[in-house]
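No lab work stands behind these numbers, since they all come straight from the coordinates. Predicted model, so just to flag it, every value in this text is computed and none were measured. When we count neighbours, we look across all protein chains shown, and the Cβ atoms used for this are built from the backbone with ideal geometry, even at glycine.
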Amino acid sequence: GSWKEVKQKAKEEGKPIFVDAYATWCGPCKWMDAKVFTRNDVGNFYNDNFINYRYDMEKGAGKQFAKKHNVKFYPSLLFFSSDGDVIHRDRGAKKPDGFISLGQKALTNTN
């Protein structure tokens, strides 16, 4: 879906949004795809607490998103309120535990 649809879903479910801002050539992005996003503990935590979205920063709407949110490093891990305001951000590949901790930190910023 579109960013507008993601925000709508976030409002309906009362959840913040997580965006994985990646590029297809990015090695650390591919590592997270294979080793982190596929894990049940990571998936369960992020699916329970966030509306999750991925953007290729070099294609279509991703280019505009990258410009608007000043994304210059991949992966960039961005957290938004359901209104689309940035509440937390980080960059670089994270191990599973660190990625869950990052999400927990972002959740404390939503209250």
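Assorted remarks:
- Any chance residue 10 is more than 21 Å from residue 83 (Cα to Cα), within 14 Å of the chain's Cα centre (by Cα), in contact (Cβ under 8 Å) with a residue 24 or more places away in the chain and surrounded by 11 or more Cβ atoms within 10 Å (Cβ to Cβ): no
- Those residues of segment 74-111 which are assigned to a loop (DSSP other than H, G, I, E, B) and of a type in the set (Val, Ile, Thr), in sequence order: 110
- Test result for residue 30, among the basic types (Lys, Arg), under 24 Å from residue 110 (Cβ atoms) and surrounded by 12 or more Cβ atoms within 10 Å (Cβ to Cβ): no
- Applying the criterion of being touching a helix residue (DSSP H, G or I) at 6+ places or on another chain (Cβ under 8 Å), farther than 18 Å from residue 38 by Cα and not hydrophobic (A, V, I, L, M, F, W, C) to the residues of segment 82-103, the residue that is surrounded by the fewest Cβ atoms within 10 Å (Cβ to Cβ) is 83.
- Here residue 71 fulfils each of the conditions (1) assigned to a loop (DSSP other than H, G, I, E, B); (2) surrounded by fewer than 18 Cβ atoms within 10 Å (Cβ to Cβ) apart from (2).
- Residue match in segment 31-47 (condition: in a loop (DSSP other than H, G, I, E, B) and touching a Lys or Arg at 6+ places or on another chain (Cβ under 6 Å)): no
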